[in-house]
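S.K.: Below is a structure I'd like to ask you about.
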Amino acid sequence: MTRRKTLYAVPNALVLFGQQLKKLRKSRNLSQEKLAELCGFETNQIGRIERSERNVSFEGLMRISYGLAMPPAELFKTIPTIKRQPKKGQYSGKKKGSH
């Protein structure tokens, strides 16, 4: 199953965020489990975020930033600025296999 990537669609921002998180985690030679431990997350949460199956709270973003030892803004570098306001609820993560 492939995901459509429309440049400014909010669900796709979750995909881009997950890809950026994975790239940053791997650049620091961290497993998903180790990063989860550093962030105080359950062991499967990092994988779910990377696959855009889970939305992340502000606190979660700060924990990930701490775990990666980097400013939070680095997590958003690959997400473009949107040109219109998203509809309420569009920031929800997608469960695997649902579209």
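The numbers here are math on the coordinates, done by the rules we state, and not lab data. Worth saying up front: this structure is predicted, and the values here are computed from it rather than measured. All Cβ positions, glycine included, derive from the backbone under ideal geometry; neighbour counts span all protein chains shown.
S.K.: Looking at the calculated P(r) for the range 10-74, what percent of the C-alpha pair distances fall above 17 Å?
M.R.: 29
S.K.: Within 10 Å of each residue's Cβ, count the other Cβ atoms and sort Phe76, Phe41, Phe58 from fewest upward.
M.R.: Phe58, Phe76, Phe41
S.K.: Taking the Cα centre of the range 10-74 as the origin and placing charges on Cβ (Lys, Arg +1; Asp, Glu -1), which of Leu68, Phe41, Val56 is farthest toward the positive end of the dipole?
M.R.: Farthest towards the positive pole: Leu68.
S.K.: Here's something else I'd like to know. Need one number: nm distance between label points at Glu33 and Ile82, each 7 Å from Cα along Cα→Cβ, rounded to one decimal.
M.R.: Calculated label separation equals 3.6 nm.
S.K.: Here's another thing I want to ask about it. Give me the net charge for the shell around Leu38: Cβ to Cβ below 12 angstrom, other residues only, Lys and Arg +1, Asp and Glu -1. Present the calculation step by step, with values, prior to reporting the outcome.
M.R.: Working: positive: Arg25, Arg28, Lys34, Arg63; negative: Glu33, Glu37.
Counting the neighbours of Leu38, the net charge comes to +2.
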